[in-house]
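The values are calculated or read from the model by the stated rules, or taken from the named source; none is laboratory data. Quick caveat, the model's predicted, so the values are computed rather than measured. Protein only, heavy atoms only, side chains kept; ligands, DNA and RNA dropped before computing areas. Shrake-Rupley method; radii C 1.70, N 1.55, O 1.52, S 1.80 Å.
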Amino acid sequence: MDTRQWRDTIAAAQDGDRRALDELVEGWLPLVYNIVGRALNGHADVDDVVQETMLRAVDNLGSLRDPDSFRSWLVAIAMRQIRDRARRRTPAPLDESATGGAADFAELTVLRLQLEGQRREVAEAVRWLDDEDRQLLSLWWLEVAGELTRRELAAAVGISRQHAAVRVQRMKERLETSRGIVRALDGACPGLRELTARWNGRPDSVWRKRLARHIRGCGYCGDTRESVVPPERLLVGIALMPLPVGFTLSLALGGKTAAAATVTVASVSWSAKVMSALTQPVVAATAGATIVAGGAYVVTQTPDAPPPRAAVSPTAASTHRPPPVVDTPSVSPSPSPSPPPSVTPTRTARYGSVVDAVDRAPDPDTPPAALPHRPETGVTSTGGAHAVMNHRGDSDTLTGKGYVLVRWQISPQYRAGGLVMPSWTGLRGELFHVASGGGRRMDDPVSATDSTATGMGSATIGYTVLPAGTQQMWQNEYFYLDGSVTLTVNERGADYGLSVFPSSWDAAEKDITTGPDQGVKRYGLVRDTGKDDTPVPQYLTRSTPADAATVAQESRVSAP
């Protein structure tokens, strides 16, 4: 369901449609469960806090004025319940026998999502964080996984985005310390074994500091033979934790639940509809949840059913519908795989009439055509002289008259898969795609020893796959702007980032004319005709949609 469909569902639920309310609860329950579960690390109070959060959301749904803010509103309610629970809780006496009991949320995350290597290390390091850091990490984890935006994270914590950046950085530093502890405890340092002989096995801040001091001064524990991947690179794309078997959520209070409270023969079709939706891949993370008499949501998935490996959460699918992508990459092992040429569209003098499409790479030794020099007075950027955007929802607004460089940074070694293209929204004026450079296309070879390796991946690690019909990017893409526009990253299935630089004609011309004789793969490509029939970017619109990822792949905008 896209944003508009959620908006309609929320409005229907506010008007008393119990079926819509059930749909809303079923779709957003996994997000709340993951926030609360990770913040409390699987404490016995998790179910109660989730229950209270959803009850408050249902009771106060009528007070929500803007349906587009539903996600941030719901997350803020969850965080308030977590903090209220912390204030009400009385410190329990230390139970030395508590270790070895039921699996905590970190262990469940490792087991049920089948995490390995450094991803497992990050999940287990969460145990070593204090309550406040775990609460923040429960949101930041979802931010880098593409489920929340930084704006929503800050709003949920009740601080500014600038303060949130500081808080997140400090939490990440403590998380890195905790990762070092997890790594060291997996080792065989004699000194560490002697130090931990008095440890009861329960992570806490006192032992975190003791072990961290040992690791800093120990050549054995501090010897990292494997390069340490930043946690945000490890967490992107990890699915929401599925609801546990037997999890029950009762919302019968005040008769606010749906037809589940009065299950009859007539309601069988509704139950079938719910079960049908739950078995679709897009909501596989909650497979097994069903509605029973009394308004309760119960997870009925059998314990020995295989855990979901790459399921996408229903909340993510509800707020983000990417263009169609190819599920399985099919890449030729030839040194320079290039897609077949497309039919050349009819060109007219009307602005925005040219649609970018898949194109063939030019011969590497063919110099580009002359790049027309359009008037330039300079472009300002809300991200500064060098904006780096890595997470879904990151954006940069550009204003002025001049050239802009967008540099692609694809990292298939961390997460290959279907790439969701960035989009240009809120265009005022004109925007043209004038040239491609950087010395290579992203599907050019990058390895002298692996003929399958390109900037999009390799046969070993997998490939980043473009939506059908999308033009293959070059390392550097140049655009000419006369007006203002916002560029938004819609990263979802594959790991990529964009660096955005206000640039100039001189810089663009120098880049594209730097050929193979200077050690790069190929000359650049000039797309600018100097007229209004120069291509406009794909995924461009003059509107400002609530979800930038819904911009259609049309490259047709009305005349300015």
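Rolling a 1.4 Å probe over the heavy atoms of the protein chains gives the stretch 487-534 an accessible area of 37 Å² per residue. When Rg and the Kirkwood radius Rh are both evaluated on Cα atoms of the stretch 124-225, their ratio Rg/Rh stands at 1.06. Probe radius 1.4 Å, ligands and nucleic acids ignored: give me the carbon and sulfur share of the accessible area of the stretch 408-560 as a rounded percent. The value for the stretch 408-560 is 47 percent carbon and sulfur by accessible area. Entry note: the stretch 394-536 has Rg to Rh equal to 0.98, where both radii use alpha-carbon atoms and Rh is the Kirkwood radius. With all protein chains kept in place, the per residue accessible area of the stretch 419-467 amounts to 29 square angstrom at a probe of 1.4 angstrom.
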